[in-house]
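The values are calculated or read from the model by the stated rules, or taken from the named source; none is laboratory data. All figures in this text were calculated on a predicted structure; none of them were measured in a lab. Here the Cβ positions follow ideal geometry from the backbone for every residue, glycine too, while neighbour counts run over all protein chains shown.
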Amino acid sequence: MPLTGTRDLSTIADSAPLLTSLETEPWELKGAQHLQLHYELGGDRQALLPPALHPSIPPTLLVNVTHAPDSEVGAFTLATVRVGCRAGARPRGLLVRGYCDSASATSVLRERWGFPVDLADVHLDPSYARATTSVTLDGATILAGELVDPQPITGADVQYMATLALARVARDGEETLLIQVDPDYTFDRAQRGVPRLTAFDAEAWNLPGASGAHPISASLTTVDMTLPRLRYLVHPDRDPLKAVERLPQPQPA
Amino acid sequence: MKFGVFFEISVPRPWGPETEYTVYQNCLEQARLADELGFDQAWAVEHHFLEEYSHCSAPEIFLTAIAMQTKQIRVGHGIVTCVPELNNPIRSAERAAVLDLVSGGRLEFGTGRSATWTELGGFGANPDETKKTWDEYVRVIPKMWTQERFSWQGRAFSMPERSILPKPYQKPHPPMWVAVTSVGTEIDAAARGLGSLGLSFGGVGEQAQKIAGYRKRIQSCDPVGEFVNEQVNTVSFLYCHEDDEKGITTGQRMAGTFNYLSEQTLATRQAYPTPSYLSPGLLYQLRQESTSGPEGRVPEGLTIGDPHRVAQAVARWEEAGVDRINFLLNVHEMVPQEDVLASMRLFAKEVMPQFQRDETPEPAGATAAGGA
C-alpha cells in the first residue's frame with residue numbers, strides 16, 4: 001500500500017465551513033481567468049495529508065487563482081493553495097484554506113461547495129509578458145507569485161486536478177469531511193509559462209512546513225468554468241480504499 | 001506466437017534490509033524458470049523514482065544477470081529511455097552492445113521516452129523535447145553499432161568522430177522496438193521499421209486497430225536500422241491455475257494493484273501542459289480495461305484463470321495480430337513465489353504447446369551467429 005497521510009484534519013476544522021445541505025446547483029462562471037502555479041512540494045509529505053489520501057509521487061503544491069469577472073454575486077477573485085495527492089487512484093488537490101476578495105462570493109463558496117475560504121485582498125493581473133498574483137491578509141503578503149515567459153498552448157493540453165475541500169457537514173451529527181469539487185472547463189485561451197513563487201506563508205494557508213520546492217509549470221487560461229453539483233465526499237480518517245462516499249444524484253427525467 | 005516474461009520489479013513497503021534483495025532474487029528465479037520452460041524473451045523496464053511500482057532503474061545490469069543464468073531466452077530492454085538527461089546515446093549503444101556480446105546475441109533493444117513527470121522532472125528533462133530526442137536516438141544508435149567510425153551533429157547531442165565500441169554480436173544489429181502507449185506511436189514505430197512493443201495492459205480491441213495501422217504503415221517504411229523489424233509485442237498479466245475462479249481472482253487482484261500503484265505517480269500531462277504528451281487517459285484507460293470487463297466478466301485478452309480460459313485469451317491476441325505476449329508474473333509480491341512458479345509451469349504445460357506452430361527460430365533480420 002502506498003504511503004498515506006497522518007494529519008488529523010479535525011484539529012483545524014473549526015474554521016472550515018459548515019454545510020447543512022449537500023444539494024447544490026451548478027454555478028457557471030463565464031470568461032474566468034485562471035492561473036495555476038505548480039510546484040513539487042517541500043515539507044513532510046505525509047504530515048500535510050489525512051490518512052485517506054496518498055501523497056502523489058512526487059507530492060505537489062498547487063497555487064490556483066481564479067478571477068471571475070461576472071457572476072450572480074458580481075466579480076470576485078479566489079486564491080487557493082492545495083496539496084497534490086491521490087484519493088485512491090484519483091489525482092486530487094487537498095484544500096484546507098483559501099482566500100477570496102468578495103464577501104458574497106465567499107459565502108457562496110463556503111455554503112454551497114464547502115470551500116474553506118476567508119476574506120482577503122486577492123489580485124490576479126495578467127499581461128502579455130507575465131501574470132502576477134498576490135494575496136494580502138491584514139496587511140501582510142501571504143502569497144505572491146507569477147507566471148513568466150508565457151507561450152501559447154491549447155486548452156486541450158491543460159489538465160486541472162479536482163479539489164477536496166475541508167468542511168464540516170451536518171448530517172447525523174457534525175462530521176469533518178472533504179468535499180470533492182470537480183469543475184467543468186471549456187477553454188477559450190491557454191498559455192504555459194514558468195512559475196515563480198516569491199512569497200508564501202505556509203501557516204496562513206494551514207499548511208505548516210509546506211513550500212514550493214521545485215518549479216514544474218505555470219498556466220494561464222481563459223475558461224468558462226462550472227462548479228458542479230456535489231457528487232462525492234471523502235472521509236479523511238478512513239482507509240483510502242474505503243474513504244470515498246458517493247452522494248445520491250437526481251435521476252434523469 | 002511467442003511468449004515472454006516482463007519485469008517491472010515492484011517492491012512493497014515496508015522496505016526492510018532484505019526486501020529489494022528478495023524481490024530481485026525472485027525475479028531472477030522466474031527468469032531462469034522461464035528459460036527452462038521455453039519462454040522466448042525476458043524484458044525489463046527502465047523506471048526511476050517510482051516508489052513500490054517499479055524499482056527497475058538499471059535494467060542493463062538486471063538483464064545481464066538473467067543472460068548469465070540462462071541459455072536460450074532473449075533479453076529485452078523494455079525500454080531504454082531515449083532522453084539525454086537519463087541516458088547518453090553513446091552509452092546506451094555501448095551498454096547494449098556489451099549485453100548482446102555477453103548474452104551471445106540475445107538482445108532485443110526497446111526504445112521509448114518516459115511518461116511521467118516523476119522521472120522526467122527528476123532528471124531535469126524537458127517534456128517538450130522527448131519525442132524529438134527519441135527520434136534522434138533511434139536513428140543514430142544503429143549507425144553507432146554498424147559504422148566503424150561515427151560522428152554526429154544533432155539536436156539531442158553532438159560528437160566528433162570516434163569508434164563506438166564494442167559492436168553488437170548480432171549482425172547487423174539487435175532488433176529494435178518502440179514502446180507503444182500513446183495514440184499514434186505505433187505509426188511512428190512502423191514508419192521507422194521498428195517493432196511495436198505494446199505496453200498497455202489489456203484492451204484487445206484497441207490494440208487490434210493499432211496493429212492493423214502498424215502493419216499497413218510498415219509496408220512503406222523508411223527503416224532507421226539495417227532491417228525492418230515487423231513484429232508486434234503486447235503485455236498481459238499471467239496467473240494460470242487449475243481452479244479457474246482462483247486464477248481469475250488472483251489475476252484481477254494483481255491487475256488492480258498494478259493500476260493502483262501506477263496511478264500514484266505523476267503523469268507528465270498532470271503536471272506539465274504540453275502537446276508532446278497526449279492525455280494520460282489513454283494509458284490509464286487501457287490499463288483500466290485490464291481490470292474491468294463488461295458486466296463483471298474477465299476483460300478480453302487478460303491471461304488469467306484456468307488453462308482453457310488463458311488459452312482463449314491468447315487466441316484472441318493471436319487473432320488481433322500479435323506476434324508475442326509478455327507476461328507480468330507478479331505485482332507487489334502479492335502472489336507467493338511458489339505460486340508464481342506454479343502458474344508459469346502450468347501455462348508452459350497446458351497452454352504454450354497449443355500455440356507453438358510454424359515458429360521461426362531467429363528474430364527478423366538479425367543473426368545471432370554473426371560474430372565480430
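Observations on the model:
- Just so you know, in region A:220-229 the residues that are in a strand (DSSP E or B) and over 15 Å from the mean Cα position of the chain (by Cα) include one that is surrounded by the fewest Cβ atoms within 10 Å (Cβ to Cβ), and it is A:Asp224.
- Annotation for region A:23-37: no member residue is surrounded by 20 or more Cβ atoms within 10 Å (Cβ to Cβ), closer than 30 Å to B:Pro12 by Cα and within 13 Å of chain B (Cβ to nearest Cβ).
- Residue identified as surrounded by fewer than 24 Cβ atoms within 10 Å (Cβ to Cβ), in a strand (DSSP E or B) and modelled with pLDDT of 95 or more among B:Glu94, B:Glu161: B:Glu161
- Residue in region B:342-362 that is more than 14 Å from B:Thr303 (Cβ to Cβ), surrounded by 15 or more Cβ atoms within 10 Å (Cβ to Cβ) and modelled with pLDDT of 95 or more present: yes
- Odd one out for A:Pro69 among (1) at pLDDT below 95; (2) more than 17 Å from the chain's Cα centre (by Cα): (1)
- Of residues in region B:205-242 being in contact with a helix residue (DSSP H, G or I) (Cβ under 8 Å, 6 or more places away or on another chain), closer than 20 Å to B:Val140 by Cα and in contact (Cβ under 8 Å) with a residue 40 or more places away in the chain, the one surrounded by the fewest Cβ atoms within 10 Å (Cβ to Cβ): B:Glu226
- Complete set of residues in region A:154-173 that are within 14 Å of A:His38 (Cβ to Cβ) and either part of a loop (DSSP other than H, G, I, E, B) or at pLDDT 95 or above (or both): A:Val158, A:Gln159, A:Tyr160, A:Met161
- A residue that is over 22 Å from B:Tyr214 (Cβ atoms), in contact (Cβ under 8 Å) with a residue 60 or more places away in the chain, polar (S, T, N, Q) and assigned to a helix (DSSP H, G or I) cannot be found anywhere in region B:316-333.
- Selection count where residues are free of Cβ contacts under 8 Å to residues at least 12 places away in the same chain and not in a loop (DSSP other than H, G, I, E, B), scope region B:23-61: 3
- Apart from one condition, A:Leu61 fits all of (1) in contact with a Lys or Arg (Cβ under 8 Å, 6 or more places away or on another chain); (2) buried (at least 21 other Cβ atoms within 10 Å of the Cβ); (3) more than 24 Å from A:Thr176 (Cα to Cα); the exception is (3).
- Filter result for B:Ile248 (within 30 Å of B:Ala342 (Cβ to Cβ), surrounded by 17 or more Cβ atoms within 10 Å (Cβ to Cβ) and more than 18 Å from the chain's Cα centre (by Cα)): yes
Rundown of residues vs (1) surrounded by fewer than 24 Cβ atoms within 10 Å (Cβ to Cβ); (2) within 20 Å of B:Lys167 (Cβ to Cβ); (3) without any contact (Cβ under 8 Å) to a residue 12 or more places away in the chain, yes/no style:
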| position | (1), (2), (3) |
| --- | --- |
| B:Lys71 | yes, no, no |
| B:Glu85 | yes, no, no |
| B:Asn88 | yes, yes, no |
| B:Val102 | yes, yes, no |
| B:Gly105 | yes, yes, no |
| B:Glu108 | no, yes, no |
| B:Gly112 | no, no, no |
| B:Phe123 | yes, no, no |
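- Within region A:114-132, restricting attention to residues that are touching an Asp or Glu at 6+ places or on another chain (Cβ under 7 Å) and within 14 Å of A:Val63 (Cα to Cα), the residue that is surrounded by the fewest Cβ atoms within 10 Å (Cβ to Cβ) is A:Thr132.
- Qualifying position, being outside any loop (DSSP other than H, G, I, E, B), more than 12 Å from chain B (Cβ to nearest Cβ) and free of Cβ contacts under 8 Å to residues at least 40 places away in the same chain, among A:Thr11, A:Thr80, A:Thr66: A:Thr11
- Residue that is in contact with a helix residue (DSSP H, G or I) (Cβ under 8 Å, 6 or more places away or on another chain) and in a loop (DSSP other than H, G, I, E, B), where the choices are B:Ser182, B:Ser196: B:Ser182
- The sole residue among A:Leu164, A:Leu147, A:Leu95 that is touching a residue at least 60 places away in the same chain (Cβ under 8 Å), under 26 Å from A:Lys30 (Cβ atoms), surrounded by 23 or more Cβ atoms within 10 Å (Cβ to Cβ) and within 14 Å of chain B (Cβ to nearest Cβ) is A:Leu147.
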